[in-house]
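K.L.:
Once you've had a glance at the structure underneath, I'll fire off some questions.
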Amino acid sequence: MSSRGLRSRQSSGVSRIRDDQITDLVSKLQLLIPQLRRGRSHKVSASKVLQETCNYIRSLHREVEDLSHRLSELLASTDIDNDQAAIIRSLLM
Amino acid sequence: MNNPHHLNPTSLKSRFTTRFLRALTKIRAQKPISSSSPTEIFRRYRRIKVAADKSMAYSVRSRRIWSRAMLWKLRSRSYRRQDPCSGRRSGKTNQAIMKKSSNENTTTRREDGVGFVEEADELRQLVPGGETMNLCNLLDETAHYIKCLTTQVQLFSPIGKG
C-alpha cells in the first residue's frame, strides 16, 4: 500500500505539531529573560531568544560566583563588626 | 518563623534555603588557622559554590533532566575524591540519565532547519545534561533551570548586592 505516502503525511503532521510546540516553548522562555520582557513581545526571533537565554544563564552563573566570593570573604574576618555579624546571623537562622 | 523566605514550608525555595543554610553552618564551623588567607578564602568560596549547587540539585532531585545530570556530576566528583577507581559506577549512572532523556520523541538536532541550531548547541553547553536533550526538552529544561538559578541567586540576598 502507499505506506510511504502515509508516512510522509504523518511526518508532516508530526513536524507541524513539533513546530508549534517549539514556538510555544520559545515564547515561554522569552517571558523569563529580563532583556526581552520589556515591551517588544512578539517581534523577537527564536534565534535571538536563545542567544539572550545563553547570555542570561552566563550572567546568573557569574552572579552566584561573585556572591559566593563575597560570602567567603565575609566569613573570613575573625573580628567581624556588628553589621557583618547581623548579616551572618540572619543567614544562619 | 519570621523568615520572609519561608512562605511555604514545602516550596522549592524553602527546601533550597534550608539545605543551603545547613551547609553554610558546617562551612563556617570549620576554622582553619588562617581563615582570611587568600587560599583559604578561595577554598571556602569553592565550598560555598558547591553547597549552593548541591542545595539546588537536591531540592529538585530527579524530577528534571538537568537536575539528574547535576546530581550525577556532583556525586561522581565526590566519589572521585574518595575512591579513584569508581569510574564504572559513574558510567552506569550517566547511561541511565541519557536513556531517560532521549526516550521521548528522539530527534536529531538538525531536524527541521529552523535556523537556530548554533544557538541551541550553545545553550546545550550551559544547561546540565543539555548534550543529551532534543530541542523540545532543551527549551523546557532551560525554563526550569533558569527559575532555579534565580532562586539560587536569591539565597545570597541577605548579603546585599553591592
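The values are calculated or read from the model by the stated rules, or taken from the named source; none is laboratory data. None of these values were measured; they are calculated from a predicted model. We place every Cβ from the backbone using ideal geometry, glycine too, and count neighbours over all the protein chains shown.
K.L.:
Which one of these does B:PRO158 not meet: (1) within 14 Å of chain A (Cβ to nearest Cβ); (2) at pLDDT 90 or above; (3) surrounded by 13 or more Cβ atoms within 10 Å (Cβ to Cβ)?
P.N.:
Failing condition for B:PRO158: (2).
K.L.:
Restricting the range B:131-154 to residues that are more than 8 Å from every other protein chain (Cβ to nearest Cβ) and hydrophobic (A, V, I, L, M, F, W, C), which is surrounded by the fewest Cβ atoms within 10 Å (Cβ to Cβ)?
P.N.:
Here is the first cut: in the range B:131-154, the residues more than 8 Å from every other protein chain (Cβ to nearest Cβ) are B:131-134, B:137-138, B:141, B:144, B:148, B:151, B:154.
Still in the list and also hydrophobic (A, V, I, L, M, F, W, C): B:133, B:138, B:148.
On the way: B:MET133: 24, B:LEU138: 28, B:CYS148: 21.
Among them, the one singled out is B:CYS148.
K.L.:
Let me ask something else. Take B:THR25 and decide whether it is in a helix (DSSP H, G or I), facing chain A (nearest Cβ under 9 Å), loosely packed, with under 12 Cβ neighbours inside 10 Å and among the polar types (S, T, N, Q). Full working, then the answer.
P.N.:
Numbers: in a helix (DSSP H, G or I): yes; facing chain A (nearest Cβ under 9 Å): yes; loosely packed, with under 12 Cβ neighbours inside 10 Å: yes; among the polar types (S, T, N, Q): yes.
So B:THR25 fits the description; yes.
K.L.:
Consider B:TYR45 against the criteria (1) without any contact (Cβ under 8 Å) to a residue 60 or more places away in the chain; (2) more than 12 Å from A:ALA76 (Cβ to Cβ); (3) surrounded by 17 or more Cβ atoms within 10 Å (Cβ to Cβ): it satisfies all of them except one. Which criterion is unmet?
P.N.:
Checking B:TYR45 against (1) without any contact (Cβ under 8 Å) to a residue 60 or more places away in the chain; (2) more than 12 Å from A:ALA76 (Cβ to Cβ); (3) surrounded by 17 or more Cβ atoms within 10 Å (Cβ to Cβ), the one that fails is (2).
Here's the yes/no breakdown for (1) modelled with pLDDT under 90; (2) buried (at least 16 other Cβ atoms within 10 Å of the Cβ); (3) more than 9 Å from chain B (Cβ to nearest Cβ); (4) in contact with a Lys or Arg (Cβ under 6 Å, 6 or more places away or on another chain):
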{"site": "A:LEU36", "(1), (2), (3), (4)": "yes, yes, yes, no"}
{"site": "A:LYS48", "(1), (2), (3), (4)": "no, yes, no, no"}
{"site": "A:LEU60", "(1), (2), (3), (4)": "no, yes, no, no"}
{"site": "A:ASP81", "(1), (2), (3), (4)": "yes, no, yes, no"}
{"site": "A:GLN84", "(1), (2), (3), (4)": "yes, no, yes, no"}
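K.L.:
Which residue out of A:LEU91, A:LEU75, A:LEU32 is over 20 Å from B:PHE156 (Cα atoms) and either out of contact with any strand residue (DSSP E or B) (no Cβ under 6 Å at 6 or more places or on another chain) or modelled with pLDDT of 80 or more (or both)? Talk me through it step by step, then tell me what you get.
P.N.:
Working: A:LEU91 fails: over 20 Å from B:PHE156 (Cα atoms); A:LEU75 fails: over 20 Å from B:PHE156 (Cα atoms).
A:LEU32 is the lone residue from the list that is over 20 Å from B:PHE156 (Cα atoms) and either out of contact with any strand residue (DSSP E or B) (no Cβ under 6 Å at 6 or more places or on another chain) or modelled with pLDDT of 80 or more (or both).
K.L.:
Within the range B:113-130, work out how many residues are more than 9 Å from every other protein chain (Cβ to nearest Cβ) and either farther than 22 Å from B:TRP72 by Cβ or surrounded by fewer than 17 Cβ atoms within 10 Å (Cβ to Cβ) (or both).
P.N.:
In the first step, residues of the range B:113-130 are kept if they are more than 9 Å from every other protein chain (Cβ to nearest Cβ); the result is B:113, B:117, B:121, B:124, B:128-130.
Next cut, either farther than 22 Å from B:TRP72 by Cβ or surrounded by fewer than 17 Cβ atoms within 10 Å (Cβ to Cβ) (or both) only: B:113, B:117, B:121.
Count: 3.
K.L.:
Tell me, which residue of the range B:28-64 that is of a type in the set (S, T, N, Q) and under 25 Å from B:SER11 (Cβ atoms) is nearest to the other protein chains (Cβ to nearest Cβ)?
P.N.:
Step one: of the range B:28-64, the residues of a type in the set (S, T, N, Q) are B:30, B:34-37, B:39, B:55, B:59, B:62.
Narrowing the set further to residues that are under 25 Å from B:SER11 (Cβ atoms) leaves B:55, B:59, B:62.
On the way: B:SER55: 11, B:SER59: 15, B:SER62: 21 Å.
Residue satisfying both the conditions and the ranking: B:SER55.
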